[in-house]
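The values are calculated or read from the model by the stated rules, or taken from the named source; none is laboratory data. Note that the structure is predicted; figures quoted are calculated from it, not measured. Don't worry about glycine lacking a Cβ; one is built from the backbone with ideal geometry, like all the others, and counts go over all protein chains shown. Only protein heavy atoms, including side chains, enter the accessible area calculation; ligands, DNA and RNA are left aside. Shrake-Rupley method; radii C 1.70, N 1.55, O 1.52, S 1.80 Å.
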Amino acid sequence: MSRHLRAGLIAAVAALALDQAVKLWLLYGYELGRRGAVRLAPFFDMVLAWNTGISYGWFSETGPTGQAIMLAFKAVAVVVLAIWMARSGTLLATIALGLIIGGAIGNGIDRLAYGAVVDFALLHLEIAGKTYNWYVFNLADVAIVAGVGGLLYDSFFGQPAVKAP
């Protein structure tokens, strides 16, 4: 196993483990659902949200069939990303793919266990008495976004591709 692939697998396992540990603690240790919204900073609250859809709650009304289709799609995506990760030529891209895989599996576990993704982080801003909320997200989402950012950075500023003859 290459050094790059090992780093990607460590990133995937770390993202998955941290995501699931925090969700389990918030659900069963801290009991966030019973506490309601908890303000941690003027711009950050913890709230329990069950996302049955995908990003921004899209497709949340699809029911069990839609959930099964989303899980199947996610499984195929994870396999494709794992193949890409195994073939990746740069350390940054491999770690980024690992973060995306770990986040996707973390949210997939939620769908299997609860029928919805556990979201809990809410960023907001108050301007002139009006509150503007970002969508509620979790650490798996953070890992996915960081992974996509890493892939974008690597593709624009990483090692130049070898030109074909």
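Taken together, GLY129, GLY106 contain a single residue that is of a type outside the set (D, E, K, R) and at positive phi, which is GLY129. For segment 105-162, the set of residues classified as charged (D, E, K, R) and either surrounded by 17 or more Cβ atoms within 10 Å (Cβ to Cβ) or part of a helix (DSSP H, G or I) (or both) consists of ASP110, ARG111, ASP119, ASP141, ASP154, listed by residue number. Here segment 23-76 is the region considered, the condition is being assigned to a loop (DSSP other than H, G, I, E, B) and modelled with pLDDT under 80, and the residue that is least open to solvent (accessible area, probe 1.4 Å) is GLY53.
Taking each residue of segment 123-138 that is over 27 Å from ASP110 (Cβ atoms) and looking for partners that are of a type in the set (Val, Ile, Thr) and not in a loop (DSSP other than H, G, I, E, B) with beta-carbon atoms closer than 8 Å, six or more apart or interchain, yields LEU125/THR131. Whether any residue in segment 25-40 is charged (D, E, K, R) and under 15 Å from LEU122 (Cβ atoms) is what I want to check. Within segment 25-40, one or more residues are charged (D, E, K, R) and under 15 Å from LEU122 (Cβ atoms).
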